[in-house]
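Derivation of every value follows stated rules applied to the coordinates shown; laboratory data play no part. For clarity, every value in this text was computed on a predicted model and none was experimentally measured. No Cβ is skipped: glycine too gets one built from the backbone with ideal geometry, and neighbour counts run over all protein chains shown.
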Amino acid sequence: MSTYKTIESSSASPMDKWEVQLRKGCLELAVLGCLWTGKLYGLEILRRLARDSDLDLSAGTVYPLLARLKADGLLESEWVEADTSHPRKYYRLTASGKRRAVEMAKAWSQFSATLQSLLSPLLKERTK
């Protein structure tokens, strides 16, 4: 079950809005990470994000990002005839995309480690 919250209402709490912004900020890295091991088509990317990162997103969120990453030279795509009723568009990382993914993963790892040192005292506190 996904804990990702879809925010469509202006009545969302500040915490909900903050969490959505945090997840949006990580989405590019998550997509690049999905494609690290090989090519996937769009629906596979959506399913992998939901399964492996708890990012349960709509196609309307992911496909524009895929198009931008392709325009930026980080992804390439190809149409592949499938045994199903229609061809599928597969995405894979380019060499630039692999370099970008590694750079982003290193930056995320460093950032999250330093932030963790600030947050560990808060996480030890018990709510009274």
Do the alpha carbons of any pairs in K17/K106; K24/K70; K24/K98; K17/K39; K39/K70 sit beyond 23 Å of each other, and which pairs? K17/K106; K17/K39
Loop chymotrypsin sites (Phe, Trp or Tyr not before Pro), region 18-105 (other Cβ atoms within 10 Å of the site Cβ: 16 or fewer; DSSP): W36
Can you give the FRET efficiency to the nearest 0.05 for L118 and E76, using r as the Cβ-Cβ distance and R₀ = 30 Å? 0.15
Treating the angle as unsigned and between 0 and 90°, give the value, to the nearest 10°, between the Cα long axis of helix 59-71 and the longest Cα principal axis of the chain. 70 degrees
Longest exposed-loop-site-free stretch of the chain, with GluC sites (Glu not before Pro), DSSP loop and at most 15 other Cβ within 10 Å? 9-80
Potential extension, W108-S96 segment - 0.36 nm per residue separation minus Cα distance: 2.5 nm
Rank S96, L46, P64 by how far each Cα sits towards the positive end of the charge dipole of the chain (+1 on Lys, Arg Cβ; -1 on Asp, Glu Cβ) and give me just the farthest. S96
Between the Cα axis of helix 95-124 and the main Cα principal axis of the chain, the angle (0 to 90°, nearest 10) is 20 degrees
So what is log10(I(q)/I(0)) for the chain at q = 0.09 1/Å, when the Debye sum runs over its Cα atoms only? -0.33
